[in-house]
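Working notes, structure below.
Just so it is clear, none of the values below were taken in a lab; they were calculated from the coordinates. None of these values were measured; they are calculated from a predicted model. We place every Cβ from the backbone using ideal geometry, glycine too, and count neighbours over all the protein chains shown.
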Amino acid sequence: MKFSISDKDIFENNFQESESELYIDPRAYTSDIEFPDPSQFRIYDTTLRDGEQTPGVALTAPQKYEIAKMISRLGCHILDMGFPAAHPSESEALRMVLDGKHKGEIRQDLEILVMCRANHKDIDHTLEVLRGVGAAPNEITFLIFTSASNLHLKYKLGSMFLKEAGLSPDKLNEMPLEWFRERNEIMIRDAISYARSCGIEEVEFGTEDASRTPVEQLISLVRSGVEAGATRYIFPDTTGSLTPESTAYYCKRLRAAFPDLPMVSHFHNDYSLVTANVITSCRYGMSSFGVTLNGIGERAGNAPLHSVVVALKMLYGIDIPGFQYHLLCEASELVERLTGIMTQAHEPIVGRNVFAHETGIHTHGILHHPKTYEPINADLVGGNRHFVYGKHSGSNLIKHILEKARTRIESSGKELTEELVAHVLREVKSVRIQRAETEKTSDMVKELRVHLKGIGLTEEDVLAIAESIEVGSL
């Protein structure tokens, strides 16, 4: 039996019914949720700082500049350059970005941010680096940070506080928590006041481990920073411990305490709740949010840019003005190439399998109406819909591909019949099973693990370096 399937009948939106008649748009359930005006949203990209903290990842200055240009093209609003005083390559990356602004390769309105610890030495060193790259203090936002939780204050910063107070490290256990909190507030007031006295006009104040800090204690610390001259506050979930419920609790309390203060969320993904938490923070007053390309970062990573912006758009109707959604897949591939860290195949929005289909049931639906199994249009994010042929393929997809290549098939002396389709389908399934039996997939995974292990230096590499150093050079 002959058949005919035309591409004209596939993937064209010439359907009898409107989309609203065929399925319920998820925005139907979220349209009454109040958000800030989309024009107030500010995307704060920290790929070049927190993203590079992915174990094993190290980016050169030219590589950072390439990513910075992509962040600019995407339409992000804030670019976190990290610690320019940490290494010559970091200051070089900052110089390249500032030059890129002058040359028009990076948007003029892209805010550039650098980081330093809460002490005069770090601030002075960072200012020296800025002078070296031709930047004035008022051109750059300074993120000055300390810790917030009692755990961090006593067992991370405690020895430093004791030393500055002229006390023995042996006093750590006997000193009350209140003493460490007081020392911390004194330190952050002094650092931010000093930064402002140096001509730094925009100071963002950050508090590590804020999400595990009693909220009144956190508010007191933030107030110290604001009174000293901080112009924005960044609220970190350093260990990814927030839930949407606790995110709402903190954000509502912070917004009530500081109704006019610009605030940023900076969340990690340890429990895979980060996108939901970022959206919750936006609902409750933090319209600026920290993200990384591909969600890279230490441990389980940071909030992925692609997930946050597309979820806001497709599930809540928040279309961020000027953001170039169609560049998301291109940006993802760029970061994969430069970092050596691949996204999982089923990563939402940008994963290789997001717009791929194999099973007969799914391909049959997609061939008739893409929305049957694709909630996101591939074109929106620069993705590519494609079919994979294998064990789970069905006859409709085989018909489709053979019809597309009708001339080629018929020139080989074959007629497009149902019998040919059935025979090709059997062979496709058979070949895929044979490939599985060769364990080729297992070998590929082993190679990938070796690659990932080789990105960073191992313990053995460090010991070999130590052994190779000439004694006389020490």
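According to the Cα gyration tensor, what semi-axes, each the square root of 5 times an eigenvalue, does the equivalent ellipsoid of segment 48-148 have, listed from largest to smallest in whole Å? Mind showing how you got there, number by number?
Numbers: eigenvalues 81, 53, 35 Å².
One finds semi-axes of 20, 16, 13 Å for segment 48-148.
Hey, what number do you get for the chain at 222 nm if only DSSP H runs of n ≥ 4 count, each worth -39500 (n - 2.57), divided across all residues, to the nearest 500?
On the way: 19 runs with 218 residues, N = 474.
When only DSSP H runs of four or more count, the value is -14000 deg cm²/dmol.
Explain nothing, just the number: relative contact order of the chain, from Cα pairs under 8 Å at least 6 residues apart, as a whole percent. Spell out each step's value before the answer.
Working: 716 pairs, mean separation 78.0, N = 474.
Relative contact order for the chain comes out at 16 percent.
Straight distance only, please: which lysines reach the Cα of Lys371 with their own Cα at less than 20 Å, same-chain residues fewer than 8 apart left out?
Lys8, Lys313
Report the residues of segment 204-236 in range of a label on Arg117: point 7 Å along Cα→C-beta, backbone N strictly under 19 Å from it.
Once the point is set 7 Å along Cα→Cβ of Arg117, 204-210 turn out to lie under 19 Å by backbone N, inside segment 204-236.
Check cross-link reach from Lys163 to the lysines: straight Cα distance under 30 Å, and skip same-chain residues fewer than eight apart.
Leaving aside lysines fewer than 8 places away in the same chain, those within reach of Lys163 are Lys121, Lys154, Lys171.
For the chain, what does the convex hull of the Cα positions come to per residue, in cubic angstrom? Spell out each step's value before the answer.
Working: hull volume 99.6 nm³, N = 474.
Taking only Cα atoms, the chain has a hull volume of 210 Å³ per residue.
For segment 354-452, build the convex hull from the C-alpha positions and give me its volume per residue in Å³. Intermediate values should be presented prior to the final figure.
Numbers: hull volume 14.5 nm³, N = 99.
Roughly 146 Å³ of hull volume per residue.
Say a site is exposed when it is one of the GluC sites (Glu not before Pro), sits in a DSSP loop, and has at most 11 other Cβ atoms within 10 Å; what is then the longest site-free stretch of the chain? Don't jump to the answer; show the numbers that get you there.
Values: sites that count: Glu12, Glu17, Glu34, Glu174, Glu415, Glu439, Glu470.
That gives 175-414 as the longest site-free run.
For segment 295-380, state which trypsin sites (Lys or Arg not before Pro) are in a DSSP loop and have at most 15 other beta carbons lying within 10 Å of their beta carbon.
Details: sites: Arg299, Lys313, Arg337, Arg352, Lys371; in loops: Arg299, Arg352.
Answer in residue order: Arg299.
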